[in-house]
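What follows is calculated from the coordinates using simple rules that are stated; it is not laboratory data. Bear in mind the structure is a predicted one, so any value in this text is a computation, not a measurement. Cβ atoms come from the backbone with ideal geometry, glycine included; neighbour counts cover every protein chain shown.
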Amino acid sequence: MLNKFLYLLLISFSFSLLVACGTPNNTEDDQVNENNTEDVSDAGNEPEEEQELNDKNETDLEEDVDESDEEKQQTTDLEESKEGTLMIEGLEEQVTLNLFQHEALAFSTYVPEDMIAKYDQGFFNVYANFNDNKNENARLFITNQEEAEITAYLEGLGFNLSSVDTPAYDFSEKELSLEKEGFLGRVAFFKKHEKPYALAYYYPAEYGDGFSGRASIVVGEIVWHEKSN
């Protein structure tokens, strides 16, 4: 009987010992589980932040594409050629106009078919080509250089520059007459897209309305492109 009692007591003691030893392990397991839960929660936030950043980048890209498309649309909508009216000595004359645009220019315009347009070393040049005879002394040009540079350039071509009472263009900030024996001409200085520009023309006096009328078309048909970023 005593042996049986001791046997039961031993079993009870062993069971209590096992329970006491197992409790810390459960606590540690719970702590590990909590840490794992926090890690999973934190990890879940990172993709959300990354997604927000991706969405912002996509939005910025779409805006850039829209601006590029707008400028492209602005130039591609222009016809390659069209008919215009030229006034010579008070009489109307129909003339075919051809589109001219260059990646370095901030504008597009139309040029009469009996003139030659060319972009060269920062100058948009238009020369008379009447009856297929090119004359570089009958010229209109546009460039985005400073007034001092263009003044020196024109003086180097033999022109004297003097002030005028009445401007020819409403967009100009300053205009000067170009004077050289046998020639007529003018230069206008203005700003576009916060850059300095100069527009000038000169031609032999005998060209008269034939050149000046065509030059007026070139200037009047200018379409300025939107400022690029």
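Reported to two decimal places, what Rg/Rh ratio describes the stretch 79-224 when computed on Cα atoms with Rh from the Kirkwood expression?
Ratio of gyration radius to Kirkwood radius: 0.94.
With K and R counted +1 and D and E -1, the other residues having a Cβ less than 11 Å from that of Pro167 yield a net charge of -2. By the count of neighbouring beta-carbon atoms within 10 Å, fewest first, Leu140, Leu78 end up ordered Leu78, Leu140.
Taking the Cα centre of the stretch 91-229 as origin and charging only Cβ (+1 Lys, Arg; -1 Asp, Glu), how large is the dipole, in debye to the nearest 20? Provide the component values of the computation, followed by the final result.
Details: 11 positive and 23 negative charges, 62 e Å.
Computed charge dipole of the stretch 91-229: roughly 300 debye.
With a cut-off of at most 16 other beta carbons within 10 Å, and DSSP calling the residue loop, which GluC sites (Glu not before Pro) in the stretch 144-213 qualify? Please list them.
Numbers: sites: Glu146, Glu147, Glu149, Glu155, Glu173, Glu175, Glu179, Glu181, Glu194, Glu206; in loops: Glu146, Glu173, Glu181, Glu194.
Here the GluC sites (Glu not before Pro) that fit, given the DSSP loop and packing criteria, are Glu146, Glu173, Glu181, Glu194.
Checking every one of the chymotrypsin sites (Phe, Trp or Tyr not before Pro) in the stretch 153-229 against DSSP loop status and a limit of 16 other Cβ atoms within 10 Å picks out Tyr169, Phe171. Ile88 sits among other residues whose Cβ lies under 10 Å from its own Cβ, and their net charge, with Lys and Arg +1 and Asp and Glu -1, is -3.
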